[in-house]
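Just so you know, all these numbers are worked out from the coordinates, no wet-lab data involved. Owing to the predicted nature of the structure, the values given are computational and were not obtained by experimental measurement. Cβ sites come from the backbone with ideal geometry, for glycine too, and all protein chains shown count toward neighbours.
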Amino acid sequence: MLSSQLTKRYAQKRADIKSRMKEFQNFGQKANNDELFAEVAYCICTPMNPFEGCQSAITKLQENKLLFSGDRDVIAPFLLRNRVRFHNVKAGRITEARAKLYEKGCPNPILGLVKDILSMPQRQARNRLYEIGVPGLGMKESSHFLRNIGHGDDLAILDRHILGKLVEHGVIDQEPKTLTLGSYQSIEEKMTVWSNEIGIPLGELDLLLWSEETGKIFK
């Protein structure tokens, strides 16, 4: 019954969801170095935080030319003002990510990295991003980043809201207390089977479930 209701709502929202997925794809193909790193910073901020506040904080940091040069103590107040929880931790992770992905001489320049991973199968691309070991960029955030650059149609973004929906729809028995690499992959496989059963592509299913929670088809 729940799944049939979900497929009806998907039919109502399908055009908007597909339009959003196309926007992600266009962004990934055209984004420059700064835009790609800003997306990484956004994804680092999102766990346990409203997406809109995270986006607002990152946009303001960009406008004030601080996202690419400010230290933790400079970045943290912008996060705090936009109600991003754990603002000091998140600010520190953004600066650590910058050292690995953005700054001159960094080991994995984000623009070249994205060009490489866009040519890989999606789960291989996620593994590549995850294995770099950027603090705050685990499996979920790596999946989120890839989806937002148009390379996440076949990836699950398993945050607590999505996990709750999976329990509600009987896909999993209960929410795990912690998500290990193995449990993430196991739940993703179950969500993939479910998405195939109900005829909603995995990446679009994530957006649909989030829209059920928030009323918006956000990123």
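Annotations for the structure displayed:
- Simple point charges give the picture: +1 on the Cβ of Lys and Arg, -1 on the Cβ of Asp and Glu, and for the chain a dipole about the Cα centre of about 400 debye.
- Relative exposure of H151, H87, H169, judged by other C-beta atoms within 10 Å (fewest first): H169, H87, H151
- Estimated translational D of region 32-148 in µm²/s (Stokes, Kirkwood radius over Cα pairs; 10 °C; 1.306 mPa s): 114 µm²/s
- Simple label model, 7 Å out from Cα along Cβ direction - E63 to Q124, nm: 4.2 nm
- Quarter the surface of the alpha carbon convex hull of region 151-201 and you get the mean projected area, 3.6 square nanometres.
- Helices in the chain, meaning DSSP H runs of at least 4 residues, each add -39500 (n - 2.57). Divided by all residues, the mean residue ellipticity at 222 nm is -21500 deg cm²/dmol.
- Neighbours of N82, meaning other residues whose beta-carbon lies under 12 angstrom from its beta-carbon, give a summed charge of +4 when Lys and Arg score +1 and Asp and Glu score -1.
- The magnitude of the dipole of region 59-186, with charges of +1 and -1 set on the Cβ of Lys/Arg and Asp/Glu and taken from the Cα centre, is near 380 debye.
- By the rule of a C-alpha distance below 15 Å, with chain neighbours fewer than 8 residues away ignored, the aspartates and glutamates paired with K219 are D16, E23, E35, E39, E52, E141, D153, D159, E204, D206.
- Unpaired Cys in the chain, meaning no second Cys C-beta under 4.7 Å: C43, C106.
- C-alpha center-to-center spacing [region 55-110, region 20-42] in angstrom: 16 Å
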